[in-house]
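Below is one structure; the comments refer to it alone.
The values are calculated or read from the model by the stated rules, or taken from the named source; none is laboratory data. Keep in mind that what you see is a predicted model, and the values were worked out from it rather than measured. Cβ sites come from the backbone with ideal geometry, for glycine too, and all protein chains shown count toward neighbours.
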Amino acid sequence: MYVCICNAVNDRQLKQALDEGVVSIRALRRHFGFESCCGKCTSCMRSLINEYRKAGDHFTPGDPSCKAKRMSYGC
């Protein structure tokens, strides 16, 4: 699932970055080398970061609300 459509960042890439210790939105943007374009990914990234923190080693990315939000924006 794409988390950031503007910069082609998917949930697997995000999980890998989280596993590497990149655990803030600012740090994730720096890690992937992009600035916020439309900003629609911010809430989804925040949700995945929170999921990651709660789940620890059992984290499986895929917040269904992220997909629903993107669909409502027409992305």
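Here are a few things to note about the model shown:
- Within the stretch 28-73, tally of residues that are modelled with pLDDT of 60 or more, surrounded by 16 or more Cβ atoms within 10 Å (Cβ to Cβ) and not aromatic (Phe, Trp, Tyr): 12
- Residues of the stretch 18-32 classified as outside any helix (DSSP H, G or I) and more than 17 Å from Ser47 (Cβ to Cβ), total: 2
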